[in-house]
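The values are calculated or read from the model by the stated rules, or taken from the named source; none is laboratory data. As the structure is a computational prediction, the values presented were derived from the model and not from experiment. Heads up, the Cβs are rebuilt from the backbone with ideal geometry, glycines too, and the neighbour counts pull from every protein chain shown. Remember, those area values only see protein heavy atoms, side chains included, never the ligands or the DNA or RNA. Shrake-Rupley method; radii C 1.70, N 1.55, O 1.52, S 1.80 Å.
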Amino acid sequence: MNEQPPKPSRIETEIAAKFVGIPNAQLIREMEHAQDFGYDDEEFELNRRLKLGGLAWRWSGDFYRPTVEVYKPEDVEQQPDTPEEVI
């Protein structure tokens, strides 16, 4: 059976069209400088683009100057669940 990827929704198409020609680095800068939670569209588009390349993003641990960190999900080390797993 030949499964086709799901057709993008209208909102997905509109957001992708809004950011045509804008590089990932600019999307990231806009997210980093946006007001709290004022970057929904940029976040959605960055997620879409990075997923196509097998990547993901997260906020850095810096509370006062958070930045976007792009990473490969399989490169993230698993955190131990219990103290006896710590080496």
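Quick notes on this structure:
- Scan region 51-69 for residues that are of a type in the set (Ser, Thr, Tyr) and surrounded by fewer than 10 Cβ atoms within 10 Å (Cβ to Cβ) and the total you get is 1.
- Criterion: open to solvent by 70 Å² or more (accessible area, probe 1.4 Å) and modelled with pLDDT under 95 - qualifying residue of Val76, Val86: Val86
- Extreme residue, least open to solvent (accessible area, probe 1.4 Å), among residues of region 4-50 that are of a type in the set (Lys, Arg) and over 20 Å from Val70 (Cα atoms): Lys18
Each row is one residue, and each column tells you yes or no for (1) without any contact (Cβ under 8 Å) to a residue 40 or more places away in the chain; (2) within 25 Å of Lys7 (Cβ to Cβ).
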| residue | (1), (2) |
| --- | --- |
| Ile28 | no, no |
| Ala34 | yes, no |
| Asp41 | yes, yes |
| Leu46 | yes, yes |
| Lys51 | yes, yes |
| Ser60 | yes, no |
| Tyr64 | yes, no |
